[in-house]
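S.K.: One structure coming up, written as structure tokens, with questions to follow.
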Amino acid sequence: MGRKPDAVAKPHHSGGGGASSPRAARKAPPSPVFLGTALFVLGFVSLFTGHMVTDADWSRIRSRWRSKQVRIYEPIDIWKSRYSSIYYGCSGRSTNFRSAVPENNSTGYLLIATSGGLNQQRIGITDAVVVAWILNATLVVPELDHHSFWKDESDFSDIFDVDWFISYLSKDVTVVKRIPYEVMLSMDKLPWTMRAPRKSMPEFYIDEVLPILMRRRALQLTKFDYRLTSELDEDLQKLRCRVNFHALRFANSIHTLGQKLVHKLRLMSPRYVAVHLRFEPDMLAFSGCYYGGGEKERKELGEIRKRWDTLPELSAEDERSRGKCPLTPHEVGLMLRALGFGNDTILYVASGEIYGGEETLQPLRELFPNYYTKEDLAGDDLKPFLPFSSRLAAIDFIVCDESDVFVTNNNGNMAKVLAGRRRYMGHKRTIRPNAKKLNVLFQRRNQMGWDMFSLKVQKVQRGLMGAPDDIRPKQDDFYEFPSACICLRKPRNISAT
């Protein structure tokens with residue numbers, strides 16, 4: 001049995017590439033007949049059930065087959081997928097896509113009140129544009145959430161470039177900063193307020209919202225987050241992409257500071273890894289997980305959990321075994337070192353207040369001494385942003401987006417939005433920890449040497465590294481997998497590495 005790997009006693013290799021399996025022989029890949037059979041079966045499903053085989057269906061079949069082809073035999077380039085260059089983001093308007101309806105001819109003014117943190121609101125804003133198009137409405141610049149957990153008083157123009165937003169979308173949807181004063185004076189009643197069900201279909205907006213909008217001339221949709229289905233036709237999905245990846249540009253003050261931090265990191269090294277650590281007290285309380293802090297931890301996180309009165313009772317042990325618990329900072333570091341990132345790697349950590357403070361972070365700092373946060377890099381430049389959680393999150397968003405490798409640590413909104421954006425922008429490496437299988441490895445780490453542990457980590461992470469054919473969950477989220485907006489430059493045999 002091998003030596004127990006210690007936090008700082010691992011090989012000091014630089015982050016060039018992952019280690020390959022010691023097995024010399026390779027198994028023959030499965031026969032391509034499998035793919036033809038799959039297509040045949042899916043064709044019969046479409047014929048007799050009326051279910052159209054979607055890109056998502058076919059992608060899942062391809063990814064499963066291709067992942068079997070490569071298994072654990074080929075080393076992974078931990079910095080970049082060798083196949084990413086043949087894919088590109090494609091979200092242009094089709095020739096038959098209806099143009100924006102002029103303000104005077106629209107069905108009325110659609111007001112939106114978003115909900116949640118920065119990226120949850122980003123999703124709401126994106127869907128609001130699509131709903132405005134569906135309704136032939138004029139969209140009023142969405143109102144950001146000032147009342148949720150974060151208590152951020154920022155308005156749309158404090159976070160995003162509002163003039164660019166209006167201009168960029170002018171061919172798709174008419175957007176105004178406010179309802180004109182003369183229109184407000186002419187209205188008999190205040191705008192009608194309602195809340196759409198989560199993941200509503202377009203038909204809901206046409207049947208339930210449009211008649212009220214046309215009657216009242218103005219209507220506000222409240223708590224607008226995930227209020228539109230993920231399953232839309234291709235033209236509307238591409239509109240989502242135009243909004244999310246192009247129209248929503250950060251305000252100049254945020255963009256400038258974010259790029260300044262990126263520049264500082266690039267001066268230290270031509271490439272860096274960004275980690276969204278997501279180990280704040282609210283995240284841990286929401287997850288229902290337990291990290292060994294005894295009665296003190298249970299009491300502290302239990303009190304925070306009471307803020308969400310609809311959360312069910314959970315078994316912390318069950319949640320961890322199901323892979324629902326964020327990795328600890330130490331576990332994130334061990335995973336990265338096992339994948340092949342050396343201790344000389346530049347590590348940028350995007351995070352709020354870490355539960356347990358410096359004591360919790362110390363093992364990660366020992367694994368990666370070149371550890372930086374926005375506070376370390378920005379200094380006094382960060383002071384104007386400190387009272388505003390969404391602006392701080394936007395700075396982290398920029399630095400993570402520009403990174404060579406981005407590591408998520410939960411399946412939250414920032415992780416989803418950034419993963420989808422990085423796919424759209426060229427499939428930049430995005431590592432999603434296989435928490436369920438990694439948890440088993442962490443529990444058995446003392447029973448194996450470092451080389452074996454490293455090999456096993458590399459194996460369980462295959463298909464979760466941000467490659468074009470990553471393993472996809474059974475229920476895709478379009479913001480994480482924007483398939484309709486990603487095109488192939490030319491036919492080619494693509495594996496999952």
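The values are calculated or read from the model by the stated rules, or taken from the named source; none is laboratory data. Keep in mind that what you see is a predicted model, and the values were worked out from it rather than measured. No Cβ is skipped: glycine too gets one built from the backbone with ideal geometry, and neighbour counts run over all protein chains shown. For accessibility, only protein heavy atoms count, side chains too; no ligands or nucleic acids. Shrake-Rupley method; radii C 1.70, N 1.55, O 1.52, S 1.80 Å.
S.K.: Excluding residues fewer than 8 places away in the same chain, name every one of the lysines whose C-alpha is closer than 20 Å to that of K490.
M.R.: Cross-link targets: K80, K428.
S.K.: What does the range 314-414 give for Rg and for Dmax, in Å, if only its C-alpha atoms count?
M.R.: Radius of gyration, then largest Cα-Cα span, for the range 314-414: 14.8, 44 Å.
S.K.: From the backbone phi of the range 157-174, what are the Karplus-calculated ³J(HN,Hα) couplings (6.51 cos²θ - 1.76 cosθ + 1.60, θ = phi - 60°) in whole Hz, Gly and Pro given as x?
M.R.: Once rounded to whole Hz, the list reads 6, 6, 9, 10, 7, 5, 5, 4, 4, 5, 5, 4, 8, 4, 7, 9, 9, 7.
S.K.: Provide the descending list of Cα extents for the range 359-497 along its principal axes, expressed in whole angstroms.
M.R.: 49, 45, 25
S.K.: So what are the ³J(HN,Hα) numbers for the range 255-265, from phi and the Karplus equation (6.51, -1.76, 1.60; θ = phi - 60°), rounded to whole Hz, Gly and Pro as x?
M.R.: 4, 5, 5, x, 5, 5, 5, 4, 4, 4, 5
S.K.: Enumerate the aspartates and glutamates that K299 could reach by cross-link, defined here as Cα to Cα under 20 Å, with residues fewer than 8 away along the same chain left out.
M.R.: Leaving aside aspartates and glutamates fewer than 8 places away in the same chain, those within reach of K299 are E280, D282, D309, E313, E317, D318, E319, E353, E359.
S.K.: Right, another one. Counting only Cα atoms, I'd like the Rg/Rh figure for the range 103-247, Kirkwood definition for Rh. Before the final figure, lay out each step's value.
M.R.: Working: Rg = 14.2 Å, Rh = 15.2 Å.
Result for the range 103-247 is an Rg/Rh of 0.93.
S.K.: For the range 395-444, give the percent of accessible area contributed by carbon and sulfur heavy atoms, probe 1.4 Å, rounded to a whole number. Mind showing how you got there, number by number?
M.R.: Numbers: 560 of 1400 Å².
That fraction is 40 percent.
S.K.: Hey, another quick one. In the range 282-355, how does Rg compare with the Kirkwood Rh, expressed as the Rg/Rh ratio over alpha carbon atoms? Provide the component values of the computation, followed by the final result.
M.R.: Details: Rg = 14.7 Å, Rh = 14.1 Å.
That ratio equals 1.04.
S.K.: Can you compute 3J(HN,Hα) from phi for each residue in the range 179-192, using the Karplus curve 6.51 cos²θ - 1.76 cosθ + 1.60 with θ = phi - 60°, rounded to whole Hz and x for Gly and Pro?
M.R.: 5, x, 4, 5, 5, 4, 5, 7, 7, 6, 9, 5, x, 5
S.K.: Go through K238/K324; K151/K189; K199/K416; K324/K416; K374/K436 and tell me which ones have a Cα-Cα distance over 20 Å in this structure.
M.R.: On the way: K238/K324 31 Å; K151/K189 30 Å; K199/K416 17 Å; K324/K416 15 Å; K374/K436 30 Å.
From the list (K238/K324; K151/K189; K199/K416; K324/K416; K374/K436), the Cα-Cα distance tops 20 Å for K238/K324; K151/K189; K374/K436.
S.K.: Return the distance in nm (one decimal) between the two label points of a simple spin-label model at S315 and I86, each offset 7 Å from Cα along Cα→Cβ.
M.R.: So the label points at S315 and I86 sit 4.6 nm apart.
S.K.: Between the DSSP loop rule and a limit of at most 11 other Cβ atoms within 10 Å, which GluC sites (Glu not before Pro) in the range 238-335 are left? Don't jump to the answer; show the numbers that get you there.
M.R.: Numbers: sites: E295, E297, E300, E303, E313, E317, E319, E331; in loops: E313.
Sparse-neighbourhood loop GluC sites (Glu not before Pro): E313.
S.K.: Per 10 Å bin, what is the whole-percent P(r) computed from every C-alpha pair distance within the range 401-455?
M.R.: 22, 38, 26, 13, 0
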